[in-house]
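Student: Handing you a structure now.
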Amino acid sequence: MQRIVKNIYAATDYTGVNVGAVVTTNGVIAVDAPSYPHDARDWAMRLHNVSAYPTRGLILTDGHGDRLLNTRWLNAPLITHSDTAVKINTYDKKYPHSLIESLSLRNPERGRDLHNSPVERPSLSLNHDLTLHRGSSQLQLIAAAGPNAGTLWVYEPESQTLFTGDTIVINRHPLLGDGSLLGWIKSLRQLQQWPQPITTLVPGHGPLTTLD
């Protein structure tokens, strides 16, 4: 768990996706959930240790299984892009077995801990940019074109920190099985023209980086 600035944290050491957190004066806003249950429980405990208040919200940067399957461990309202919400709401009572199978194949040892848990439904979804105010903090949620439908970025202007999800990944390419190459290129160009300063960029996978 890396402390980027006083109230911004990221974890890039879990198997699977990177996760982050913004600690506000009345609770934590989490960004994504770890891919495997053991790590998700560990992350929930770490968040509990940095704030006496409960986690107030969990923002998903996309709706893939590696971010979705363990949201329940954070016990917080889900905030997603509208396309992600539509996808989640097509699921019945349980997540598709294919999501669990995919993660189990990537890491059989950790995959043994995966279970087909009840679907967590979004509490808030958006298809346009939105500023979220919580306590003394504000977060800018940006609906991105790609690489996947339902991609959200999270920008914290005071620390100049941007969580990009899989729009930016280090030493690999994003998962494009149900994505859009043209949408990804459009989002990369949007980042090149970003109007606000970015001191720290938290990618979907890999170490922290900068816009350069």
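The values are calculated or read from the model by the stated rules, or taken from the named source; none is laboratory data. Keep in mind it's a predicted model, so treat the numbers as computed, not measured. Because the Cβ atoms are built from the backbone with ideal geometry, glycine has one as well, and the counts that use them run over all protein chains shown. Each accessible area value is taken on the protein alone, full model and side chains, heavy atoms only, with ligands, DNA and RNA left out. Shrake-Rupley method; radii C 1.70, N 1.55, O 1.52, S 1.80 Å.
Student: Scattering from the C-alpha atoms of the stretch 1-41 alone, worked out with Debye: what is log10 I(q)/I(0) at q = 0.29, 0.30 1/Å?
Tutor: The computed values of log10 I(q)/I(0) come out as -1.00, -1.04.
Student: A further question on this structure: What accessible area per residue comes out for the stretch 80-207, rounded to a whole number of Å², with a 1.4 Å probe?
Tutor: 54 Å²
Student: How big is the dipole moment of the stretch 121-201 about its Cα centre under a simple scheme where the beta carbon of each Lys and Arg is +1, that of each Asp and Glu is -1, and everything else is neutral? Debye, nearest 20, please.
Tutor: Dipole of the stretch 121-201, to the nearest 20 debye: 120 debye.
Student: Right, another one. For the stretch 91-212, what log10 I(q)/I(0) values come out of the Debye formula at q = 0.11, 0.18, 0.22, 0.23 1/Å, with one point per alpha carbon and no solvent?
Tutor: Log10 of I(q)/I(0), two decimals: -0.48, -1.11, -1.30, -1.33.
Student: With N denoting the number of residues in the stretch 24-111, provide Rg(C-alpha) divided by 2.2 N^0.38 Å, to two decimal places.
Tutor: Computed over Cα atoms of the stretch 24-111, the ratio equals 1.12.
Student: Under a Cβ-only charge scheme (Lys and Arg +1, Asp and Glu -1), can you give me the dipole magnitude of the stretch 59-141 about the Cα centre, in debye to the nearest 20?
Tutor: On the way: 10 positive and 9 negative charges, 43 e Å.
Dipole magnitude for the stretch 59-141 comes out near 200 debye.
Student: With all protein chains present and a 1.4 Å probe, how do Lys93, Lys186, Lys87 order by accessible area, largest first?
Tutor: Lys93, Lys186, Lys87
Student: For the stretch 132-137, in order, what is each residue's ³J(HN,Hα) by Karplus, 6.51 cos²θ - 1.76 cosθ + 1.60 with θ = phi - 60°, in whole Hz (x at glycine and Pro)?
Tutor: Karplus-based 3J(HN,Hα) across the stretch 132-137 equals 9, 9, 9, x, 8, 10 Hz.
Student: On to the next question. Projected onto the charge dipole of the stretch 92-187 (+1 at Lys/Arg Cβ, -1 at Asp/Glu Cβ, origin at the Cα centre), which of Thr161, Leu181, Ser102 gives the Cα projection farthest towards the positive end?
Tutor: It is Ser102, whose Cα lies furthest towards the positive end.
Student: Another question, then. Counting pairs of Cα atoms in the stretch 1-150, how many percent are more than 22 Å apart?
Tutor: Cα-Cα pairs in the stretch 1-150 separated by more than 22 Å: 38 percent.
Student: To the nearest 10 Å², what's His38's accessible area with a 1.4 Å probe?
Tutor: Around 100 Å² of this residue is reachable by solvent.
Student: ³J(HN,Hα) across the stretch 160-166 via Karplus (A = 6.51, B = -1.76, C = 1.60, θ = phi - 60°), whole Hz, x for Gly/Pro?
Tutor: The phi angles translate into 6, 10, 10, 9, 9, x, 7 Hz.
Student: Taking Lys186 as the anchor, which aspartates and glutamates have their alpha carbon closer than 15 Å to its alpha carbon, excluding any fewer than eight residues away along the same chain?
Tutor: Lys186 reaches Asp166.
Student: Turning to a different aspect of this structure: Over the chain, what is the percentage of antiparallel beta bridges among all DSSP beta bridges, to the nearest 5?
Tutor: Antiparallel: roughly 65 percent of the beta bridges in the chain.
Student: Leaving out ligands, DNA and RNA, what percent of the accessible area of the chain is carbon and sulfur, probe 1.4 Å?
Tutor: Taking all protein chains in place, the chain shows 50 percent carbon and sulfur surface.
Student: By accessible area of protein heavy atoms, probe 1.4 Å, what ranking do Asp39, Asp212, Asp129, Asp83 get, highest first?
Tutor: If we order Asp39, Asp212, Asp129, Asp83 from most to least accessible, we get Asp212, Asp129, Asp83, Asp39.
Student: Placing +1 at every Lys and Arg Cβ and -1 at every Asp and Glu Cβ, with all other atoms neutral, what dipole size does the chain have around its Cα centre, in debye to the nearest 20?
Tutor: It comes to approximately 280 debye.
Student: Farthest toward the dipole's positive end in the stretch 1-124, which of Gly27, Thr90, Ala11, given Cβ charges of +1 (Lys, Arg) and -1 (Asp, Glu) about the Cα centre?
Tutor: Comparing the listed Cα positions along the dipole, Gly27 ranks first.
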